[in-house]
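Asker: This structure is in structure tokens; I'll ask about it shortly.
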Amino acid sequence: MGLKTLFIASLLLAALHATAQDHSTPGTGAFPFAHLYWASAADSADFTAFRASISMVEEQLENTSGDYRAVWRVGEHGGLAAVSRGDSSLLHIDRPSLLGLFMHLPFRMSDGRRGVMVVHETPCGLICRDTVYYLEE
């Protein structure tokens, strides 16, 4: 009886740790959701490379004035996260600051280009956040 119970317990324990799918793409640990959803596999690879090449900078030292184009959009709502390419909309920043409900966080790409991450959170019972990554023109 003891050996049979031990065998069944080990099978149940193995089932708790087994997964049917691979883990999420490396480099997405900054997001509170386990899996991100992309429009295509190419978007997944491109966004992962984009996130890996970002380095955050001190906002007081970085001049973020200028024109920026939207390159990526991340929507995190109600436990789901979707990543899509930006719509190339233009954002003009006169000075680094908090503008209304939007927070602007400057960053640099590994190739030296400046960027701004614009985060907007909507008060709700779950995480409701939109993040748009802009790169300078």
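Asker: Fully extended, how many nm does the chain gain between Leu6 and Ala39 (0.36 nm per residue separation, minus their Cα-Cα distance)? Walk me through the numbers before you get to the answer.
Answerer: Working: separation 33, 0.36 × 33 = 11.88 nm, distance 4.52 nm.
Answer, rounded to one decimal: 7.4 nm.
Asker: Taking H as built 1.01 Å from N, whose amide H comes closer than 5 Å to the amide H of Gly86, not counting residues under 5 places away?
Answerer: Here the answer is Val71, Trp72, Arg73, since their amide H atoms fall under 5 Å of that of Gly86.
Asker: How charged is the neighbourhood of Cys124? Take every other residue with its Cβ under 13 Å from the Cβ of Cys124, and add Lys/Arg as +1 and Asp/Glu as -1. If you can, show how the numbers build up before the last one.
Answerer: Values: positive: Arg129; negative: Glu76, Glu121, Asp130.
Taking every other residue near Cys124 into account, the sum is -2.
Asker: Taking 7 Å along the Cα-to-C-beta vector as the label spot, tell me the Ala49-Ser88 distance in nanometres, rounded to one decimal.
Answerer: 1.9 nm
Asker: Highest mean first, how do 74-84, 121-131 rank when packing is the count of other Cβ atoms within 10 Å averaged over residues?
Answerer: 74-84, 121-131
Each reported figure results from applying straightforward, stated rules to the coordinates on display, with no laboratory input. What you see is a predicted model; the values in this text were computed from it and never measured. FYI the Cβ positions are ideal-geometry reconstructions off the backbone, even for glycines, and counts take in every protein chain you see.
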